[in-house]
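Here the structure is laid out as structure tokens; the discussion comes afterwards.
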Amino acid sequence: MSIAISPEVAERLRGFEAPERLGFGSVMAPVMFRAVYQDGCWSGGELIPYGPLQIDPAAKVLHYAQTCFEGMKAYRRVDGSIGLFRPEKNARRMAYSARRLCMPEIPEGMFLEAVRCVTAYCAYLIPAASGESLYLRPLLIGTQPDLSVSASNIYEFYVIASPSEAYHSGNMRVWIERDDTRAALGGTGDAKVGGNYAASLQSVAQLKARGYDQSLWLSPSDRKQIEELSGMNFFAVIDGQLHTPKLSGSILEGVTRDSLIELAGTLGYRVHEREMDIDDLLALIGSGTCSEAFACGTAAIISPISVIGDAGHSVSLPQVPGPVSTALRSALLDIQEGRAEDPFGWMQQV
Ligand code: COI
């Protein structure tokens with residue numbers, strides 16, 4: 001690694017023991033990467049002990065939400081090596097998100113080096129069970145203390161890491177959100193920015209009280225077309241073929257979504273990226289023409305949906321994972337965890 005560590009960081013790494021049950025995103029690796037942008041350029045970056053940030057209460061991020069992030073994973077592979085999955089896709093999406101919020105891009109080389117550095121030093125924390133991994137969270141915040149509504153001129157870039165299980169394990173109950181929208185037309189829905197997630201929280205809190213897990217978001221213009229779940233993309237299996245909402249400008253272009261579209265072809269499934277009317281889908285589920293629906297994302301991998309709830313009536317899907325989502329999940333994890341060839345060149349060894 002070209003990023004050296006201090007004796008304090010080495011001590012932190014030596015002293016850390018992960019608990020037996022990991023959950024998702026609640027156990028934090030003891031170190032993190034940090035770089036600062038000031039006077040128009042980035043510092044080289046360093047690995048520091050994980051811990052609370054010191055931040056001015058007037059920092060732009062705290063008032064005007066100038067923040068974007070990424071979600072990506074490092075895997076322990078069956079041959080003992082450690083692999084990152086398509087990290088350059090995350091680097092490019094983070095650059096897009098940064099531009100959208102008028103923040104400086106993280107140079108791709110620095111982004112990849114930071115992620116590799118955290119992964120390499122935390123490799124001993126990567127769980128070995130299938131579906132588990134080191135979840136990595138690159139994060140960019142505008143920290144200039146100034147209350148005028150304008151872009152910050154100081155930024156901090158962090159990469160934190162969390163040895164984790166999958167975010168959802170299946171039997172996901174989703175609720176159709178027919179009132180609020182997650183993103184606006186011309187807004188930030190296709191960028192990975194904190195505000196999109198904040199906008200989803202009220203809906204999620206309400207549906208949780210009714211026994212559901214996730215909101216199914218509809219098009220902001222007319223609330224008719226399916227967009228995505230909060231933090232996951234949506235797929236349905238209709239007549240044995242895969243259908244997913246086409247990117248609309250307010251849907252996040254998921255790395256897992258993109259990978260499944262490519263992978264499905266090699267497994268013999270046709271994929272349709274199209275507008276998906278929610279009421280048509282409910283009718284197709286009712287008639288049995290739509291046999292499976294699932295959520296996908298870096299954190300969630302593939303999580304089959306068992307119920308789609310609606311104010312009028314709810315529809316049920318099989319309570320056990322269907323054959324298409326099972327085949328795709330296995331094929332994806334086989335590449336990520338090194339049980340299968342990687343014909344796409346997706347994995348990067350650390
Ligand atoms: C991811 O899948 O990495 C995400 O960022 C979704 C998150 C909300 C758990």
Defining a contact as two alpha carbons under 8 Å apart and six or more residues distant in sequence, what relative contact order in percent does the chain show? 19
Cα to Cα, under 14 Å, and not fewer than 8 places away if on the same chain: which aspartates and glutamates meet these conditions relative to residue 60? 146, 156
Compute the distance from the alpha-carbon center of the range 218-244 to that of the range 1-69, in whole Å. 35
I need the phi-derived Karplus couplings for the range 236-245: 6.51 cos²θ - 1.76 cosθ + 1.60, θ = phi - 60°, integer Hz, Gly and Pro marked x. 10, 9, 10, 6, x, 10, 8, 10, 9, x
What's the ranking of 203-215, 6-18 by average number of surrounding C-beta atoms within 10 Å, highest first? 203-215, 6-18
Counting each pair of different Cα atoms once, what's the Kirkwood radius of the range 18-112 in Å, rounded to one decimal? 15.9
The local net charge around residue 264, scoring Lys/Arg +1 and Asp/Glu -1 for residues other than residue 264 whose Cβ lies under 13 Å from its Cβ, equals -1
Taking the Cβ of residue 220 as the center, what net charge do the other residues with Cβ under 9 Å away carry, scoring Lys and Arg +1 and Asp and Glu -1? 0
Charge-dipole axis of the range 199-345 as Lys and Arg at +1 and Asp and Glu at -1 on Cβ define it, positive-most pick from 297, 264, 241: 297
Hey, which of these cross-link pairs are over 25 Å Cα-Cα: 89/224; 192/246; 73/192; 89/246? 89/224
Please state the shape class of the range 96-232: rounded when a/c is under 1.5, otherwise prolate if a/b exceeds b/c and oblate if not, all from the C-alpha gyration tensor. oblate
Mind listing the long-range amide H neighbours of residue 215? Cut-off is under 5 Å, sequence gap 5 or more, other chains count too, H placed in the peptide plane at 1.01 Å from N. 175, 230
Cβ-Cβ cut-off under 15 Å around residue 144, Lys and Arg +1, Asp and Glu -1: the net charge is -3
Scan the range 238-308 for trypsin sites (Lys or Arg not before Pro) in coil per DSSP, keeping those whose Cβ has at most 15 other Cβ atoms within 10 Å, and list them by number. 246, 270
FRET efficiency for residue 16 and residue 56, Cβ-Cβ distance as r, R0 = 45 Å, nearest 0.05? 0.90
Please state the charge dipole magnitude for the chain, taken about the Cα centre, from unit charges on C-beta atoms (+1 on K and R, -1 on D and E), reported in debye and rounded to the nearest 20. 220
Over the Cα atoms of the chain, what radius of gyration and what Dmax do you get, in Å? 20.5, 64
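Every number here is computed from the coordinates shown, using simple stated rules; none is lab data. These numbers were taken from a predicted model, which means no experiment stands behind them. Neighbour counts run over all protein chains shown; Cβ positions are idealised from the backbone, glycine included.
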